[in-house]
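Below is one structure, written out as structure tokens; comments come after it.
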Amino acid sequence: MSRPTIVKALVWKEFRQIAPLFWAVLGLGGGLNLLMIMLLLLASPGGSGVISPYSFIVMPIIFATGVGVLLVSVEKENRTLQWLQGMPVSSAQIAKTKLMVAVVSLIATWALSLLMLWLFRIVFQGQTGITKPELDSLSESYFYPILFPTVSFFLGFAGLALAWRVSSPIYALLLLVPVTGFVWIITELFKFSSRPLFAETLDSSSGGWGISVASWAVGMVAAAVYGWLASQRDLAARTASAPWLSLLGESTKSTVAPPQWWRWESVPQNSALLWQSARQNWLPWSMLTIVFFVGVWMCGVIPQIGGYNDDLSLRDFDRYASTLLALLLGTYMGWFLGSLVFQENNVANRIRFFADRGVSPTRVWISRHWIPLVILLVATSWRSIASRSFAYWEGFDSQVILADSICFFLAALGIYALCQWWSQCIPSPLLSAITSPLIAGIFIAYGLFALLMFEAPIWLLGVSLTLLGVATWSQMKAWMDRAFDWRFFGGHAAWLLMAMVIPLLPGIWTMLNTRGMDPNIRTALETTWKEGSESDDSKLGSRMHLIQRNFSESQTIDKVQKRFENNEEIRAEYLRYLQSDEDRAVLLGLRSSDLVRFCLAELSRSQSEVASDASDVRVATYRSIVNGIYELIRQFRLTGSLMAQDHSEILEIALLRECKATSAREWLGDDLLRKIVVFLADSDSRDKARKYKLSRAWKTQAQYQRANWFTDWGYDFGGYSLPFTTKIPSFPGMLRKSCERDELAAKLWKLINSTFPNEVTALRKEIDPTGRIDQVSDWFEATAYINTRDTLYSYPGSHWRGNWETEAKALLLTLDSNPSTSNDRGGR
Amino acid sequence: MNDVIKIEGLEMRFRGCEALRGVDLSVQPGTVYALLGENGAGKTTMIRILTGFQKPTAGTCRVLDMDPSKKEDSLKIRQRIGYVSDSPALYDWMTVGEIGWFASSFFAEGFVDRYRASIEQYELPSDRKIKNLSKGQRSKVALSLALAHDPELLVLDEPTSGLDPLVRREFLESMITVAATGRTVFLSSHQIAEVERVADQIAILHKGRLQLVGNLSELKESISMVTVSLTDPLVSLPDPSASSKILAEINEGRQKQFVVQGGGDEAAEFWKNCTGVASVRIQPATLEELFVACTRGDSKYAHRKSESGNAGRLSMEAQRS
């Protein structure tokens, strides 16, 4: 051990003293940012600009808030400063070292925070450097980037000054908030009043930021100077009492007469505990209440200054800013009231007084919470009264004000519950008070995580916060006995775990109770998908899946026909493709819904023309259209999506209608008619195509969802975009969605495999065993009713197991029983 | 040789009380000087003034020929003295070794070696944090820190508080060794028996006034305890001759005990001849009896003493006589 220099030894000591705060702020701040980034990335996948630098500024700001107080007040309270004064080291040297360490550590915190931001951006966004919007905002004002460092240095110096001036660390910290608020208000008023001055000479934005920076810089210098003077006064030898005191006779009194209250009768224990709590904390409580009352009063008054006149009104400080400020004030109250609950008794082991006298921990616990809760209620009442009295709630009625008051109370109470728990967990009073805002931030982020990702009901968060209150109650005896062992911290950890798990329980319960798919159906779908994948044509399917709505009742054939007629050139072109064996494949590039509409329109028109005048040309055209549709359907069966399959079945129904027409044999000719009817009656081939399309839709969606778990909430099931009950990207939601998909696939699979003769019995058996579907029409059949009745037209398998399939088979039997003559085979 | 500590007319007033009321004191080099007094007597206030933590209301004070109330002098004084407060507050997050290394920066070379030897002597683990030490061990660390720079003057406020008897004995013996090397020890204590063993000079402080000051052995020789048994408790005894100074009177039923400085035999003989006196017994007074007499005895004598000047002057006169 070589002898260090004084500066080296002092600097080493100061850095060791602030190390817990330094690492706590960086650790908790980093954790908070990590949590928020994860949450935002999950909620907004691929979103740019997710990692905001503002959330990283929190760390140096919090550190600046605590560093001054930690460097000085803790030493004063532990009396180590007194020991240091006993050493041959000057007061200037002590104060200089503390100032220097505060500055250097603050710079280090800034550097590490920005480094963390840079690393997080690289890891989570693959982005280095500054983003364009940030660059743009920086170019708006050169002063903007130095505003926050200036504010942080102000906080650091003001914290040091208050710590030198005030004996208690908590009081110093408590005073720092109104002092900072005072400087902020002065800054804003100065900005406001000098707006006309710089508006003509400077860019208004730059000028405003410049004034802000200048104001905070002046505050920073003033705080540093005042802190220096306060330190020298504090470290100097105590001066004797003023000689004039002896004139008043005070100093000559060697004994003091017993005060009047000594003659009081003994008081009940509860009253004594409340009296002790009030007597001990009256100063910080009074300060908090005064700051809050004045702050809320200002929130009400300032927006009214000058009304809404452009020249005079503080438009930047409108009622929304006032509401925000009031909420911040409430948070401030909750923060300090919560931090003071246990830590004021922790100072110098005051709580041992109660422990040594066997006072019930429950009684002490209640007496610590009683008055702070009353203060919170009084603050809420003042908030409510102020809202009504100052009438800045333009357009808000009394119910809104009541709701606002309740929300305000619950928010302040939540922060209070967190901070009181944290203040018992951390034996160091100051460290717990400084880091409380970070803990509150982490809990808020976690609460959002539980709300969004696990669909937690918001009242469960209240239960969690209540559990933290129960936690401090359960650990009260250990805390009173100062038994800071593994049981104490383990107990708190267990309560914390419980508080964190409880909001997740409904989501976990949902996940555990979400039924999976029938394994047999899963295997069958997998097998079908594998067998058919060799002839897969995903290219076509992917182009087909864009359809939003299927053919519907509202879009009559006439309207569709009219649309095509409006552009005769295109219609003629498409018609040529339909009739041509070589060019027909071009039509497969169209959206299947458009193709169906086009085919139906052309079929309808051609049939009408034949019905009015069955000339050879018209019959030939009619036959070529029918044949073209038939060929299209065949190609659809071989390829395309589930939706394309359904659309092709609409064309099959249309062809069946044509085949059932009384003049069908005449217009179509026997060969074409028989070919089509045989094709339509071949339900095995159709079912095979359906099964493959269904399995592919199911498998593709499952694969896509697995690969893009949180990145895409579109639900592409074989070309269908289906509405699901889950609207937010939560864990149970994702699982529920998967199960809904599996359920849909399973039901459709059962429907295909049902042996029932018609869709009504199939529906009743496979889809709707409870009979909740009232009526089944020919048009909107079976699976149209799955999940919801509102979007009947956009569900897969709308025509599966429809009557038309039975009719096709019956028609084939009819044809077989009445074979045509050879003359009829070619028709006309 | 100049006095190591020289105090004249020292007064200290706080709001609501007078801690020191015109104290005069001088400490010779190479002595072990014990300041005795009950709680609240003003011992710690006096030590804080000596070490420059407090500025007195009135009076002068010089330590090692410097004025501790002056800022520049107070730093020099702290370089040359070793000070242990009544409840030393150390950086509890430092280890025993670290705090020695840290404190060595304030003093000349050799501090670390002496500190290491001291903690080895006290069997203190150098790698243990101070917060994990017992109260006695902390006191040993504080003493080691105060002694490690080989100070000319040791100022110790209740130094043996919290130490076990063995270490207390070792420590007090080491104070004699320190004094033997020409250094001065100024300590305040409640441990009268132990102070009696090591102190050369004592001062008894009571309610801000020095009641008794002097060389311990001479005081013990000159002060005797005279016990007078009365036939009637209401009998009042006249004061003896001027050569006998009654420091205190303790009444216990038919017995009256007098602490008499100088001429104890004459006083006993004088009371033996008074009416209503059954018997008179005389014995040498212990320091504890002196202390009790000075702090608990009849206040009329204390009042009388204060009227006649201050205790220091009184004791010097007694010594001369």
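Sort out which residues of the range A:580-603 are surrounded by fewer than 18 Cβ atoms within 10 Å (Cβ to Cβ) and polar (S, T, N, Q), and write them in order of number.
If the condition is that a residue be surrounded by fewer than 18 Cβ atoms within 10 Å (Cβ to Cβ) and polar (S, T, N, Q), then A:580 is the only one that fits.
Please indicate, with yes or no, whether at least one residue in the range B:140-159 is out of contact with any Leu (no Cβ under 9 Å at 6 or more places or on another chain), more than 9 Å from chain A (Cβ to nearest Cβ), free of Cβ contacts under 8 Å to residues at least 60 places away in the same chain and outside any loop (DSSP other than H, G, I, E, B).
Looking through the range B:140-159, none of the residues is out of contact with any Leu (no Cβ under 9 Å at 6 or more places or on another chain), more than 9 Å from chain A (Cβ to nearest Cβ), free of Cβ contacts under 8 Å to residues at least 60 places away in the same chain and outside any loop (DSSP other than H, G, I, E, B).
Go through the range A:443-488 and count every residue that is touching a Pro at 6+ places or on another chain (Cβ under 8 Å) and either small (Gly, Ala, Ser) or not assigned by TED's automatic domain parsing to the domain that holds residue A:500 (or both).
The number of residues fulfilling the criteria is 4.
Against the condition under 23 Å from residue B:29 (Cβ atoms), within 12 Å of chain A (Cβ to nearest Cβ) and of a type in the set (A, V, I, L, M, F, W, C), how does residue B:171 come out, does it pass?
no
Test residue B:106 against the criterion of being more than 29 Å from residue B:3 (Cα to Cα) and within 7 Å of another protein chain (Cβ to nearest Cβ), and give yes or no.
Answer is no for this residue.
Residues checked against (1) touching a helix residue (DSSP H, G or I) at 6+ places or on another chain (Cβ under 9 Å); (2) more than 14 Å from residue A:25 (Cβ to Cβ):
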residue	(1), (2)
A:403	no, yes
A:416	yes, yes
A:426	yes, no
A:433	yes, no
A:437	yes, no
A:443	yes, yes
A:448	yes, yes
A:451	yes, yes
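Looking only at the range A:1-15, how many residues end up being out of contact with any Lys or Arg (no Cβ under 8 Å at 6 or more places or on another chain) and without any contact (Cβ under 8 Å) to a residue 12 or more places away in the chain?
The number of residues fulfilling the criteria is 8.
Is there any pair linking a residue in the range B:268-289 that is assigned by TED's automatic domain parsing to the domain that holds residue B:249 and assigned to a loop (DSSP other than H, G, I, E, B) to one that is small (Gly, Ala, Ser) and loosely packed, with under 14 Cβ neighbours inside 10 Å, with Cβ under 9 Å and at least six apart or on different chains, and which?
Final answer for the pair search is B:276/B:236; B:286/B:193.
If you scan the range A:74-101, which residues turn out to be over 16 Å from residue B:102 (Cα atoms) and within 14 Å of another protein chain (Cβ to nearest Cβ)?
Once the filter is applied, which keeps residues that are over 16 Å from residue B:102 (Cα atoms) and within 14 Å of another protein chain (Cβ to nearest Cβ), the range A:74-101 yields A:74, A:76, A:77, A:78, A:79, A:91, A:92, A:95.
Surrounded by fewer than 23 Cβ atoms within 10 Å (Cβ to Cβ) and either modelled with pLDDT of 90 or more or assigned by TED's automatic domain parsing to the domain that holds residue A:156 (or both): does that describe residue A:400?
Numbers: surrounded by fewer than 23 Cβ atoms within 10 Å (Cβ to Cβ): yes; either modelled with pLDDT of 90 or more or assigned by TED's automatic domain parsing to the domain that holds residue A:156 (or both): no.
Taking the combined requirement at face value, the residue does not satisfy it.
Can you confirm whether residue A:459 is of a type in the set (A, V, I, L, M, F, W, C) and crowded, with 20+ Cβ neighbours inside 10 Å? Break it down into steps so the answer makes sense when it comes.
Working: of a type in the set (A, V, I, L, M, F, W, C): yes; crowded, with 20+ Cβ neighbours inside 10 Å: no.
It is false that residue A:459 is of a type in the set (A, V, I, L, M, F, W, C) and crowded, with 20+ Cβ neighbours inside 10 Å.
Count, please, the residues in the range B:89-103 that happen to be farther than 12 Å from residue A:82 by Cα and at the interface with another protein chain (Cβ under 9 Å from one of its Cβ atoms).
9
When you go through (1) within 14 Å of another protein chain (Cβ to nearest Cβ); (2) over 21 Å from residue B:146 (Cβ atoms) one by one for residue B:2, which number turns out not to apply?
(1)
Within the range A:50-73, track down each residue that is without any contact (Cβ under 8 Å) to a residue 60 or more places away in the chain and more than 13 Å from residue A:28 (Cβ to Cβ).
Correct list: A:52, A:54.
I need a count of the residues in the range A:94-120 that are under 26 Å from residue B:108 (Cβ atoms) and crowded, with 17+ Cβ neighbours inside 10 Å.
Qualifying residue count, the range A:94-120: 5.
Of the residues that sit in the range B:123-159 and are of a type in the set (S, T, N, Q) and buried (at least 23 other Cβ atoms within 10 Å of the Cβ), which one is modelled with the highest pLDDT? Outline the logic, then answer.
The initial filter retains those residues of the range B:123-159 that are of a type in the set (S, T, N, Q), namely B:126, B:132, B:134, B:137, B:139, B:144.
Within this subset, residues satisfying the condition of being buried (at least 23 other Cβ atoms within 10 Å of the Cβ) are B:139, B:144.
Working: B:139: 84, B:144: 89.
Step by step, filter the range B:123-159, then rank; the result is B:144.
Of all the strands (runs of 3 or more DSSP E) wholly in the range B:14-88, which have at least 1 residues that are crowded, with 21+ Cβ neighbours inside 10 Å and within 14 Å of chain A (Cβ to nearest Cβ)?
B:17-27, B:58-63, B:81-84
Name the single residue that is farthest from the other protein chains (Cβ to nearest Cβ) among those in the range A:2-43 being in contact with a helix residue (DSSP H, G or I) (Cβ under 9 Å, 6 or more places away or on another chain) and either on the phi > 0 side of the Ramachandran plot or among the aromatic types (Phe, Trp, Tyr) (or both).
For the range A:2-43, the residue satisfying everything is A:22.
Looking for whichever is β-branched (Val, Ile, Thr), assigned by TED's automatic domain parsing to the domain that holds residue A:227 and not in a helix (DSSP H, G or I) here; the options are A:89, A:72, A:58, A:103. Which one fits?
One residue alone meets the criteria, A:89.
Which residues, taken from the range B:161-194, are at pLDDT 80 or above and under 12 Å from the mean Cα position of the chain (by Cα)?
If the condition is that a residue be at pLDDT 80 or above and under 12 Å from the mean Cα position of the chain (by Cα), then B:185, B:186, B:187, B:188, B:189, B:192 are the ones that fit.
Go over the candidates B:109, B:38 one by one and state the one that is more than 22 Å from the chain's Cα centre (by Cα), farther than 24 Å from residue A:91 by Cβ and of a type in the set (D, E, K, R).
Matching residue, one of B:109, B:38: B:109.
If residue B:118 passes every condition in (1) out of contact with any Leu (no Cβ under 7 Å at 6 or more places or on another chain); (2) more than 7 Å from chain A (Cβ to nearest Cβ); (3) crowded, with 20+ Cβ neighbours inside 10 Å; (4) not in a strand (DSSP E or B) but one, which one does it miss?
(1)
The values are calculated or read from the model by the stated rules, or taken from the named source; none is laboratory data. If you're wondering where the values come from, they're calculated on a predicted model, not measured in any experiment. Cβ atoms come from the backbone with ideal geometry, glycine included; neighbour counts cover every protein chain shown.
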